[in-house]
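In what follows, a structure is listed as structure tokens, so that the remarks can point back to it.
Values quoted throughout were computed directly from the atomic coordinates according to the rules given, and no laboratory measurement underlies them. Computed from a predicted model, the values in this text were never measured in an experiment. Note that each Cβ is placed from the backbone with ideal geometry, even for glycine, and that neighbours are counted across all protein chains shown.
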Amino acid sequence: MDDTYQTYLNRVARQTLPATYQSQLHYIQESLKFERLPDGSRKAVPFPGYTVVTPPWGEESENSAFYTNLQDIQQKLLQELNPGLMIALPPDSFHLTLADLIWESAYLDAQQANPEFEQQLQERIGESFQKYKQLGHRGNPIGWQLLGLIVMPRALGVCLAPKDEESYQRILHLRRLIYQNPGLIALGIEQQYHFTAHITLGYFGDIPPDLDRDRISNLLSALNQELLTKDTTAFWVQRAQLRKFDDMLRYYRAEEWPSVEF
């Protein structure tokens, strides 16, 4: 289901073009993962599930300079975008999702139908990680490169491109070991999206009817130029971990849950 290396590069490169911003901005929607409070502020709503991610910034230091760069861009977006348009995520939650697993109603239904669901999920992910370890790639981190800002239907983030084909194939191999694991399939977990390496900076909130999409498109293009002139555009995938989330603000794990070093 995932793209070939060259198809991926072509696809994500198009997503950072001004023409794509113009088009995508016509289809953005308010995120349902946050609710508006009477005072106008936003609160994360329950949205539970499991995912395979890199450790969030608050728990790792290898990519600190990279994440500091993203935090700066996030602040500039908050200053320049319409008030309330972007609901910023806490920077210590910044992470790269390597494999979406299960969330919201599907997770709640599986948990209710099978009291052993979470334990079995953890064991099956552990099996997939163990198979990956047997490939012998350990000690060679996977390199990715910041490509630019990306507009998604309900969120803003930055998109990443692999530094080389090997870096891309190693992530795809991990994803295949997860999504083609018969034990995970039996638990109702299946691949639903093509892989697009991105780090979410915030979700869309208040979208005014007279939103100046030309101005925002120009802003995103200008911020891209600023991003790419920095020395901190390299992102190293050092490990993948099974993490749980209750909403979009925090991703946590127990020490014994599966983790794999690259």
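Before moving on, here are some points about what is shown:
- Loop sites in the stretch 69-172: GluC sites (Glu not before Pro), DSSP, at most 11 other Cβ within 10 Å: Glu116
- Burial ordering of Arg213, Arg243, fewest other beta-carbon atoms within 10 Å first: Arg213, Arg243
- Mean Cα-pair separation over length for the chain, i.e. relative contact order, pairs under 8 Å, 6 or more apart, %: 35
- Crossing angle, helix 213-228 versus the chain [Cα axis fit, 0-90 degrees, rounded to tens]: 60
- Computed across the chain, the Kirkwood hydrodynamic radius from all distinct Cα-Cα pairs reaches 19.3 Å.
- As a proxy for reagent exposure, Asp231, Asp246 were ordered by neighbouring Cβ count within 10 angstrom, fewest first; the result is Asp231, Asp246.
- The chymotrypsin sites (Phe, Trp or Tyr not before Pro) of the stretch 178-218 that meet both conditions, a loop assignment by DSSP and at most 10 other Cβ atoms within 10 Å of the site Cβ, are Tyr193.
- Mean Cα-pair separation over length for the stretch 119-211, i.e. relative contact order, pairs under 8 Å, 6 or more apart, %: 33
- For Met152, the residues whose amide H sits under 5 Å from its own are Gly157, ignoring neighbours fewer than 5 places away on the same chain, with H placed 1.01 Å from N.
- Panel order for Asp212, Asp3, by other beta carbons found within 10 Å of each beta carbon, from fewest to most: Asp212, Asp3.
- On Cα atoms only, tilt of 64-80 relative to the major axis of the chain in degrees: 40
- Computed over the stretch 147-262, Kirkwood Rh from alpha-carbon pairs, angstrom: 17.3
- The angle between the Cα long axis of helix 117-133 and the main principal axis of the chain comes to about 90°, on a 0 to 90 degree scale.
- Taking amide H atoms as placed 1.01 Å from N in the peptide plane, the amide H of Gly202 lies under 5 Å from those of Leu89, Leu156, each 5 or more residues away in sequence or on another chain.
- Only aspartates and glutamates eight or more places from Lys76 in sequence, or on another chain, were considered; those with a Cα closer than 15 Å are Glu226.
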